[in-house]
Structures are given as structure tokens and as C-alpha cells.
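Worksheet: the structure to be examined is printed underneath.
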Amino acid sequence: MENQSKKSFFAILGVLVNRLKDSKDETEIRTILNSLKWKFTARDHANLLHLNIFSVLHKGNGEKDSKLKKAWGRNVLPKVEANDSQKISDAVLEMFEQLFLTVAGRIVEPDFGGDLQLQKPAGSGAAPQLQKAKSVIDENVSE
């Protein structure tokens, strides 16, 4: 069931990325970029690669007038703005940065922590192997 939900989730994201690629409306682009803000795990890297999301954020549909392609190379002014008034170039760069840091961070840091040291049960062969789960909320949580 988990694999089927994951497959469906990334199918929906695939439709959004394809729509983002061809969109010319800034409000629609911002809405799609906001919908792509998830905390992806290392297990999601293959699916993100399949979506080709970095290329879409960088080049859009590849046409000269693509709003995503034009978002690169613009000055980003360090001022606080509401999300609705944020320039499209800022929103695209912010989404690219978030995805890049999430993916790069998971390459060097796995989803699970170190092995838990368990006592060997009396009369059995080996102790079961368990790993600590990493939690955003509680770093001491374990499975």
C-alpha cells in the first residue's frame, strides 16, 4: 500500500512538473512551486530524477520566452516580501535551492541513524538488528 501511494504521489507531482514546464502564468507557476515544497527523503531521489525537476526549474520547456528560463541570472534583492508579491525569479531560485539542499543533504546523511545495541536473547542465535530513525521533531526517537 505504501509503494502504491508513493507511486500515485509522484505521478501527481509528474503532472505538476509537466504543467510547470509549459506555464506562462506567474500565479500558476508560484502555486505549482509551492505544491512541490516537500521534505523528500533519500528513497525519493530516483523518483525526483525521473521527474527531471532540476532541468525544468532551470530551463522550463527550453523555449526562449520560458518564464522559468528567464528567472536565472536576475538580481535577487535581499528584502522581505509577501509570498504573493515575490518575484517569479526569487520563487524559482528558492524552490531549486530547497530541492538541491534536500537531495544533497540526503546523499551524505541517510534516513536512519546508527545501529541500536540490543542484548542477545537467551537461547537464540543472533540479536535482531534495529536502526535509530531520524526525526525532525525529536532526535532521540528510535524504532
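Read-outs: derived from the displayed coordinates by stated rules, not from any lab. Quantities reported herein were computed from a predicted structural model and do not represent experimental measurements. All Cβ positions, glycine included, derive from the backbone under ideal geometry; neighbour counts span all protein chains shown.
Charge tally for Gly62 (other residues, Cβ to Cβ under 10 Å; Lys, Arg +1; Asp, Glu -1): +3. If the segment from Asn52 to Trp72 were pulled out straight at 0.36 nm per residue, it would be longer than the present Cα-Cα gap by 5.4 nm. In this calculation the C-beta distance from Phe9 to Lys64 is compared with R0 = 22 Å, giving a FRET efficiency of 0.10.
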